[in-house]
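Enquirer: Starting off with a structure, shown below.
Please treat every number below as a calculation from the coordinates, not as lab data. As the structure is a computational prediction, the values presented were derived from the model and not from experiment. Positions of Cβ are generated from backbone atoms using ideal geometry, with glycine treated the same way; all protein chains shown enter the neighbour counts.
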Amino acid sequence: MSSAAKIGHHRINGQILPQPCPHLAEFRSRNGSKPFRALQECLRVKPPGGRAAIRRDPDEVPRCASCGDAARPRLYACVACAAVSCHTPPGPSHAAAHAALMPPGHEIAVDVDRAELFCCACRDQVYDRDFDAAVVLAQTSASKLGSNSSSSSPSSPSVIRFQHPENLRKRRRVDYRPWAPDLKERTLVVNGSVPLESSELSSDLPRGLRGLNNLGNTCFMNSVLQALLHTPPLRNYFLSDRHNRYFCQERNGVSNTNRRNGANSDANGKIRNCLACDMDDIYSAVFSGERTPYSPAKFLFSWWQHAANLASYEQQDAHEFFISMLDGIHEKVDKDRRKPQNPGNGDCCIAHRVFSGILRSDVMCMACGFTSTTYDPCIDISLDLEPNQGGYAKMASTKSGHPCNGEADCLSSRQNCGTSTLTGCLDRFTRPERLGSDQKFFCQQCQVRQESLKQMSIRKLPLVSCFHIKRFEHSSVRKMSRKVDRYLQFPISLDMAPYLSSSILRSRFGNRIFPFDGVEPDASNDLSSEFELFAVVTHTGKLDAGHYVTYLRLCNQWYKCDDAWITQVNENIVRAAQGYMMFYVQKMLYYKASEKQVAG
């Protein structure tokens, strides 16, 4: 089967592949791969990180043989005779005219500036796996070896064939279908369940929507807990009894007295409460159908034990609480397993299975093109507001955010402070950034410190993406801090595909069907890269005094969770709020089949 393909997509094992181009297939059947091997000797890669180009000589300036123009946007060299022709749609195409005048076999050409194959008869881009493999290999070699040009000799096709598509991981795409119990499962559910008591209060609210009492400047905790209580994968984990607090306490040998308090003992006999057990307790209380506000005092005490430096009744940062809480759940699981787990794989505990992703950082030497790549796990992404609106530098992390309640003061401040967008912040986060002379990194190829170019991207998306907007600025020079009250537009549906490493690398390497640098062919499929917003944590007030509020999206309706008070609000109120922490879940996990489950 020919490896050639033309745009016009079909799927094999979940991977999008182009439809075959008959002209390229015929060209390959007549000539084999010999003409492509000759092209490999003309591959030139200009660092740092430039696209591959086709040049017989590095200083060659290609011109169209028909019109003599070298400034055309597209110049193509015939693979059969090396004649250079231009193609400028919708105008005349000298490349197509050349193919029509010449005998069969001259239809296939290569873009001299992009090293991408083109069919002059179809007037469309075509793909060949062996050729794409050679180009990617040349660009990778240029970035790692620092050469100004990269070529593959005729003796190297075995290396390229070694990376043939047979070795690619093949994974089936699983279409989402809402679960419906069969007759046997219905019987098990009925026999093993106890009907929940109907609430006498606010029966029109979705089940699980319950206020949390403020225990003294604990709105930072209540706001994050409300978001976590309605995080679909986390909610399903606890409500399906995957962490049973009674079994956990029995396994850790907790006495009856301590068991009532939800406490465990460590090796030294010191009482240490389990955050996961207390979360299980909160889930049971919140989803019981009761509507009176719940007091998470036991959870607060457990968290104080884990984060002793934050144990006080002072206002804390919601993002800091979020990170500390997930760390406490992860630490507890590690102790239970008696063996430390790597949070980078995302399978160590429920906290990381839900929120853990992987960031990719490429630092490229500006002198030789050598690229140093590192991968780091993350459980959220901290974003700066766009600079033209007054934000500051970029970064990847997560903290806690403070928007406003969405009242009229938000609408007025929006006009005073300008507007940023979440997608604009993500664009800024993933764009190449030239590091200053005071941030030179040691180049392994040059063996000296050089100026460099840094680019961040997302290697692996989590099930739930948490974005933290850095609204608190701290200046060590001025020795002052301030809150940035700037309006941020955020979408309800978010496509993360443009920010994936596969997309970033594809923009660097060009259009290839050959995967590069370990990026899986389905890493950016439309199922896992599309997200839905379900929670927004906001903050009103100033840096040293304020109040946290959470907006939840349940059953396609927004609800404002202000400590013990739950009210239904309009979507425009949420959009007017100054988002500080935003929670997005993969669209395939956003269960709309259960939209009308209300307590009653």
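Enquirer: Search the structure for amide H atoms under 5 Å from the amide H of Ser295, placed 1.01 Å from N in the peptide plane, and list their residues when 5 or more places away or on another chain.
Expert: Long-range HN contacts for Ser295: Asn213.
Enquirer: Take Phe441, project a point 7 Å from its Cα along the Cβ direction, then tell me which residues of the range 347-375 have their backbone nitrogen under 19 Å from it.
Expert: 358-375
Enquirer: Report the full-extension gain for the segment Asn556 to Asn31: residue separation times 0.36 nm, less the Cα-Cα distance, to one decimal in nm.
Expert: 183.1 nm
Enquirer: Each label point is 7 Å from the Cα along the Cα-to-Cβ direction; what then is the distance between the points at Glu433 and Ala545, in nm?
Expert: For Glu433 paired with Ala545, the spin-label model returns 3.5 nm.
Enquirer: About its Cα centre, how strong a charge dipole does the range 435-474 have in debye, to the nearest 20, once Lys and Arg get +1 and Asp and Glu get -1 at the Cβ?
Expert: For the range 435-474, the charge dipole is close to 180 debye.
Enquirer: Multiply the residue gap between Gln489 and Thr567 by 0.36 nm, knock off their C-alpha separation, and tell me the result in nm, one decimal place.
Expert: Value of the extension gain: 25.8 nm.
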